[in-house]
Amino acid sequence: TGGQAESCRAAMLARGAAAVTVVGMTVTQDPQAETCPACGGLLRTINGRNGRFVGCSNWWATGCPYTRNV
């Protein structure tokens with residue numbers, strides 16, 4: 001986290017480091033999100049009672065009914 005990076009930076013400077021550079025990087029294993037053809041929300045894979053399917057992330061907010069089989 002940012003707090004951990006700042007603590008490490010401060011500790012290294014306190015012990016004599018001339019300079020400390022913090023670089024943050026992220027990695028995702030998910031493919032690029034698809035857009036829902038019905039409402040424009042994002043599609044996500046859902047593990048349901050009857051197996052896996054793709055559904056719209058706007059289901060809770062707007063009631064978008066779009067789904068498709070994986």
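The values are calculated or read from the model by the stated rules, or taken from the named source; none is laboratory data. Note that this is a predicted model, so its numbers are computed, not measured. What goes into the accessible areas is simple: the full protein's heavy atoms, side chains included, and nothing from ligands, DNA or RNA. Shrake-Rupley method; radii C 1.70, N 1.55, O 1.52, S 1.80 Å.
Numbers below:
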item: Translational diffusion coefficient (Stokes-Einstein; Kirkwood radius from C-alpha pairs) of the chain at 25 °C, 0.890 mPa s, in µm²/s; result: 155
item: Tilt relative to the chain, helix 2-14 - C-alpha long axis, 0 to 90 degrees, to 10; result: 10
item: CD proxy at 222 nm, helix term only [per DSSP H run n ≥ 4: -39500 (n - 2.57); per residue of the chain; nearest 500]; result: -6500 deg cm²/dmol
item: Accessible area in the full protein assembly, largest first, 1.4 Å probe, for S7, S57; result: S7, S57
item: Surface share of carbon and sulfur [accessible, 1.4 angstrom probe, percent] for the chain; result: 53
item: Accessible surface, per residue, of the chain when the full set of protein chains is kept, probe 1.4 Å, Å²; result: 85
